[in-house]
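Inspection log for the structure reproduced underneath, given as structure tokens.
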Amino acid sequence: MLKVQVIHGPNLNMLGLREPGIYGAQTLATIEAMLADEAVSLGVCLTFFQSNSEGALVDCIQGTLGQQDGIVINPGAYTHTSVAIRDAIAAVGLPTVEVHLSNIHKRESFRHHSYIAAVAVGQICGFGADSYRLGLHALVQHLGRQVSADS
Ligand code: CA2
């Protein structure tokens, strides 16, 4: 069974509690429950992690080495600032899909650049909680293609 680490960055633990106009009314727990359901139908095993701290996110990414097959990550505001998270993703070398609830390209210019995009398989943004679901599907398809190419 494929194993996927789902990672949420800073402030995403506040989802559903504040600013529903931008990020939607769903809580992180609801989003994780929706993903867990999706994982059952995809036959994937998910592990969830959220932190507000950059070092803890780097530790989590490093911990995926040899333990997981891929990563779905919403790095939150660290998307636009963190060379450390980018380097950790590059170091473990696991296929990674970057997801965002909002369309970061339609927002303030400081959100347009992602340090993560260059080390990700791809980026999905703007679909609210569905970005996570779409990101998981994209990752699973990508991992499936990798397995067929290897055999
Ligand atoms: O759209 C996304 O998913 C973001 O990663 C969310 C980050 C933001 O800094 C990125 O530019 C785009 C912010 C997450 C903040 O989440 C909150 C949730 C509820 C209330 C306040 C913040």
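Using Cα-Cα distances under 8 Å and only pairs 6 or more residues apart, what relative contact order does the stretch 1-141 have, in percent?
Values: 253 pairs, mean separation 37.2, N = 141.
Once divided by the residue count of the stretch 1-141, the mean separation gives 26 percent.
Can you work out the PRE-style zone for residue 108? Point 7 Å along Cα to Cβ, and I want the residues of the stretch 13-57 with backbone N under 16 Å.
19, 22-23
Quick one: which residues, 5 or more positions from residue 99 or on another chain, have an amide H under 5 Å from its amide H? H modelled 1.01 Å from N in the peptide plane, none for Pro or chain starts.
73, 74, 124
At a 10 angstrom cut-off on C-beta neighbours, averaged per residue, how do the peptides 36-44, 56-64 rank from highest to lowest? Walk me through the numbers on the way to the answer.
Numbers: 36-44: 14.0, 56-64: 18.3.
Going by the mean number of other Cβ atoms within 10 Å, highest first, we get 56-64, 36-44.
Please give the net charge around residue 26, taking every other residue with its beta carbon less than 15 angstrom from that of residue 26, where Lys and Arg add +1 and Asp and Glu add -1. Intermediate results must be reported in sequence, preceding the final value.
Values: positive: 18, 133; negative: 19, 32, 37, 38, 130.
Neighbour charge sum, excluding residue 26 itself: -3.
Go ahead and estimate [θ] at 222 nm for the chain from helices alone: -39,500 (n - 2.57) per DSSP H run with n ≥ 4, summed, over the residue count, rounded to 500. Walk me through the numbers before you get to the answer.
Details: 5 runs with 60 residues, N = 151.
Estimated from H runs of four or more residues: -12500 deg cm²/dmol.
Within 13 Å, Cβ to Cβ, of residue 67, how many net charges do the neighbouring residues add up to if Lys/Arg are +1 and Asp/Glu are -1?
Working: positive: 3; negative: 59, 69.
Cβ neighbours under 13 Å give a net charge of -1.
Values quoted throughout were computed directly from the atomic coordinates according to the rules given, and no laboratory measurement underlies them. The structure displayed is predicted, hence computed values, not measured ones. Here the Cβ is made from the backbone with ideal geometry for all residues, glycine too, and neighbour counts use every protein chain on show.
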